[in-house]
Amino acid sequence: MGGCCCCCFPASAKPRRENPMHPATESLIQRNPDHTVPHHHPPQEVKNTGKGTKAAVRLKTGFERFKTTIYDKNLKLFEPLKTSQTPKYMVFACSDSRVCPTLTLGLQPGEAFTVRNIAGMVPAYQEKRHCSIGSAIEFAVVVLKVECIVVMGHSRCAGIKELLSLKADRPHAYHFIEDWVKVGMNAKRKVLRENRLLPFDDQCTVLEKEAVNESLANLKSYPFVKDRLRKGTLSLLGARYDFVNVSLETWNP
């Protein structure tokens, strides 16, 4: 016969059997009885400094002025733009706040497809780099079929000054600026080679034009630009806006 083993516990010593559906309420982490749970205050409301509000008011006021003095009085110009655009020009210009290419060149809304960046530069064609610039050129040339691409430099350009100031042994002071202005390195080398005796500011003035010439040359490396140049359906134009002497110089590459 099989044996039977019975373990008898006194009532006071019988182990408590926990109901898995109702686990023990006592925490597994033993706390110091003197410990108090910290009170979590709700996040403080960020105070509005008023700067954002002032900016919004300024922009809203500017828009209302535009709507009443320009838009509402030129509906024949603006109504067709609701459905399509057929610009004749693509304009590359600097992001400098003193340079507004459509205003400076007297271009109307719908007349120019514009791209602005530091120093208004155009990098050479590289399929997997500078996609923002490349896609803008492709859209303007292939889709919009602009007739002329203008690259406009300007006086006292900080981007050109940064390019001319670059030294091989100088550590980067910015995240992006130095690498971007290197797009104009060939122009810089030419200026230093041909104008090394000029004062720095005068070299910058020369480089403002040479950087435009390099961008114009780089445009020709884009296959769709090259194709339309060959067909005679697209032209390139260089320009430099001097806001100190209020003058504009243009030239064919």
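Within region 84-251, the proportion of C-alpha pairs whose separation exceeds 30 Å stands at 15%. Remark on residue 153: its backbone amide H falls under 5 Å from those of 239, 240, 241, a criterion applied only to residues 5 or more positions apart or on other chains, H modelled at 1.01 Å from N. Its Kirkwood hydrodynamic radius, worked out from the mean inverse distance over all distinct Cα pairs, puts region 137-229 at 14.7 Å.
Taken over the alpha carbons of region 205-247 as equal point scatterers, the Debye sum produces base-10 log I(q)/I(0) values at 0.13, 0.17, 0.19, 0.20 Å⁻¹ of -0.38, -0.56, -0.65, -0.68. Going by neighbour counts of Cβ atoms within 10 Å, the residues 210, 194 line up, fewest first, as 194, 210. The H on the amide N of residue 113, modeled in the peptide plane, is under 5 Å from the matching H of 89, 90, 91, each at least 5 residues off or on a different chain. Ordered by the count of other Cβ atoms within 10 Å of each Cβ, fewest first, 69, 102 give 69, 102. Electrostatic bookkeeping for residue 178 treats Lys and Arg as +1 and Asp and Glu as -1; over the other residues with beta carbon under 15 Å from its beta carbon, the sum is +2.
Take every pair of alpha-carbon atoms less than 8 Å apart whose residues are at least six positions apart; their mean separation over the length of region 84-251 yields a relative contact order of 27 percent. Straight-distance candidates among the lysines for linking to residue 167, with alpha-carbon spacing under 30 Å and chain neighbours fewer than 8 residues away dropped: 128, 182, 188, 190, 209, 220.
FYI, it's all coordinate maths here, none of it is from the lab. What you see is a predicted model, and the numbers here were worked out from it, not measured in a lab. Every residue, glycine as well, gets a Cβ built from its backbone with ideal geometry; the counts of neighbours run over all protein chains shown.
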